[in-house]
Amino acid sequence: MKKALLLILSIVLMAGMFSSAALAQDSVSVMAVWGGQELDAFMKMVEPFEKATGIEVQYEGTRDLPTLVTTRLEAGNPPDIVALTGVGMMKQLAEEGDLVNLSNVLDMDRMNKEYSQTWIDLGTYNEDLYGMYISADVKSLVWYNPKEFAAKGYEVPETWDELKALQEEMIANGDTPWSIGLESGAASGWPGTDWIEDIMLRTTDPEVYDQWVNHEIPWTDARVKRAFEIFGEIAKDPEYTYGAPTAVLATNFGDAPNALFTDPPQAMMHRQASFITSFIRDNNPGLVAGEDYDFFPFPEIDEEYGTPVLGAASMFGMMNDTSAARAFMRYVSTAGAQSIFVSELGKLGVNKNINPNVYPDDLTRQMAAMLREAPTFRFDGSDSMPGAVGSGAFWQGILDYVSGQDLDGVLEYIESISQDTYNQ
């Protein structure tokens, strides 16, 4: 694939996608949170670009990206390209004039043909494009070991009542239903926000979810509190979670699914996004997708709301308008570049021209179809909120709640931060 893409890039170079000025500039800096397998996939994606253009991609990784970006902006030294943590960060930087309008960088006729309107809209602020997506994740997934399910006679649940019955059956058999990990360095707490968001989408209208994300209803609203309580019934109960809340708080999110594959298993289910497959494969070599690990949709809770799909995506923004940065953005918007990235990970393509055969297995193709066919789709809520709320108070609130703090106090704290942030 790399050789073929290199040939395509050479042709594109001659066609003028990358200007001679871009080739004269020898580097482009990219800041993101990626490490491990994600970083490896990114470097494989940019390798053909570097060979074809002579432009070196200088990567800078950080777990606390919003803080580092702010520091670099204050110092007058922002990266050329930033992998934005979500819609909220994109809108904030665009509003402050720190992002380049990509409508003047990318061929928008091509973008409108190769991207669905959803992804264009999600990257748009005040009618201009500031965020360009390169991959997506489905978050509404529960992972399990199908061999263990079959051996113990466990059936995949489709409703919350069936899930609750399954949990009780597991406990009666001496099994622990769930493995949950909230630790993620400076980003600790975010896996719990995904639980809240999925539950919100299954217990109220999508429009109410949107109101919550936009702070048009308070965090102390009964519907938000109910979502936290449903999550707490699992995450705070030592019978339901491996290692009890202490382990939930201390376990890294990437290590949490390992409990499903010990002998005997330490837990039977793990709720996490599609990208977790790369961690499963990396930590448990030899496991076969669809045989040793599989997923089912996060079950419906209230029948009238069904099973909406919660998702997130990797999005690039451009902070310095240089010829090399323009060349980089044009390259990563292509199906060829994104095919390399998603083929290395359990991520899903955004460009419509990506061939499904690039996915590593049928399981990933099923997730891509789930994203494509979702009757209701909503973007990750915490990623869509301003950083002080979504990646600040919300993340911290999850940790405080699981550690035993009073829920009303937790929600009042997040609400106070939200009032200060949204009213600025």
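The values are calculated or read from the model by the stated rules, or taken from the named source; none is laboratory data. Note that the coordinates shown come from a computational prediction; the quantities given were computed from them, not determined experimentally. Please note: Cβ atoms are built from the backbone with ideal geometry, for glycine as well, and neighbour counts cover all protein chains shown.
Residues in segment 234-270 that are basic (Lys, Arg) and closer than 11 Å to residue 178 by Cβ: 0 in all.
Within segment 187-210, not a single residue is over 20 Å from residue 394 (Cα atoms), touching a Phe, Trp or Tyr at 6+ places or on another chain (Cβ under 8 Å), hydroxyl-bearing (Ser, Thr, Tyr) and touching a residue at least 12 places away in the same chain (Cβ under 8 Å). Condition test on residue 388, is it in contact with a strand residue (DSSP E or B) (Cβ under 6 Å, 6 or more places away or on another chain), without any contact (Cβ under 8 Å) to a residue 60 or more places away in the chain, among the aliphatic types (A, V, I, L, M) and in a helix (DSSP H, G or I)? Spelling it out, it is not the case that residue 388 is in contact with a strand residue (DSSP E or B) (Cβ under 6 Å, 6 or more places away or on another chain), without any contact (Cβ under 8 Å) to a residue 60 or more places away in the chain, among the aliphatic types (A, V, I, L, M) and in a helix (DSSP H, G or I). Within segment 125-156, the residues that satisfy the criterion of being of a type outside the set (Lys, Arg) and surrounded by fewer than 19 Cβ atoms within 10 Å (Cβ to Cβ) are 125, 126, 127, 128, 146, 148, 149, 150, 151, 153, 155, 156. Any residue that is assigned to a loop (DSSP other than H, G, I, E, B) and surrounded by 22 or more Cβ atoms within 10 Å (Cβ to Cβ) - is there at least one of those in segment 358-365? Yes; the residues of segment 358-365 include at least one that is assigned to a loop (DSSP other than H, G, I, E, B) and surrounded by 22 or more Cβ atoms within 10 Å (Cβ to Cβ). Applying the condition of being charged (D, E, K, R) and surrounded by fewer than 17 Cβ atoms within 10 Å (Cβ to Cβ) to segment 196-220 and asking which residue is nearest to residue 415 (Cα to Cα) yields 216. Please verify whether segment 232-240 includes one or more residues that are in contact with a helix residue (DSSP H, G or I) (Cβ under 9 Å, 6 or more places away or on another chain), under 30 Å from residue 32 (Cα atoms), crowded, with 20+ Cβ neighbours inside 10 Å and modelled with pLDDT of 95 or more. Looking through segment 232-240, at least one residue is in contact with a helix residue (DSSP H, G or I) (Cβ under 9 Å, 6 or more places away or on another chain), under 30 Å from residue 32 (Cα atoms), crowded, with 20+ Cβ neighbours inside 10 Å and modelled with pLDDT of 95 or more.
A quick yes/no check of all residues on (1) surrounded by fewer than 22 Cβ atoms within 10 Å (Cβ to Cβ); (2) at pLDDT below 95; (3) in contact with a Phe, Trp or Tyr (Cβ under 6 Å, 6 or more places away or on another chain):
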| site | (1), (2), (3) |
| --- | --- |
| 289 | yes, yes, no |
| 292 | yes, no, no |
| 296 | yes, no, no |
| 299 | yes, no, yes |
| 304 | yes, no, no |
| 320 | yes, no, no |
| 326 | no, no, no |
| 330 | yes, no, no |
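Within segment 176-195, the set of residues being part of a helix (DSSP H, G or I) and modelled with pLDDT of 95 or more comprises 190, 191, 192, 193, 194, 195. Kindly indicate whether any position in segment 355-362 is touching a residue at least 60 places away in the same chain (Cβ under 8 Å) and in contact with a helix residue (DSSP H, G or I) (Cβ under 7 Å, 6 or more places away or on another chain). The answer is yes; a qualifying residue exists. Could you tell me whether segment 157-175 includes any residue that is surrounded by 18 or more Cβ atoms within 10 Å (Cβ to Cβ), small (Gly, Ala, Ser) and part of a helix (DSSP H, G or I)? There is no residue in segment 157-175 that is surrounded by 18 or more Cβ atoms within 10 Å (Cβ to Cβ), small (Gly, Ala, Ser) and part of a helix (DSSP H, G or I). Scanning segment 369-385 for residues that are buried (at least 19 other Cβ atoms within 10 Å of the Cβ) and part of a loop (DSSP other than H, G, I, E, B) yields 380, 385. Residue 237 meets the conditions (1) free of Cβ contacts under 8 Å to residues at least 60 places away in the same chain; (2) farther than 23 Å from residue 142 by Cβ in every case but one. The failed one is (2). Given the structure, is residue 423 surrounded by fewer than 22 Cβ atoms within 10 Å (Cβ to Cβ), within 30 Å of residue 96 (Cα to Cα) and modelled with pLDDT under 95? Judged against the criteria, residue 423 is a match.
For segment 396-408, the set of residues classified as surrounded by 12 or more Cβ atoms within 10 Å (Cβ to Cβ) and either farther than 13 Å from residue 235 by Cα or free of Cβ contacts under 8 Å to residues at least 60 places away in the same chain (or both) consists of 396, 397, 400, 405, 407, listed by residue number.
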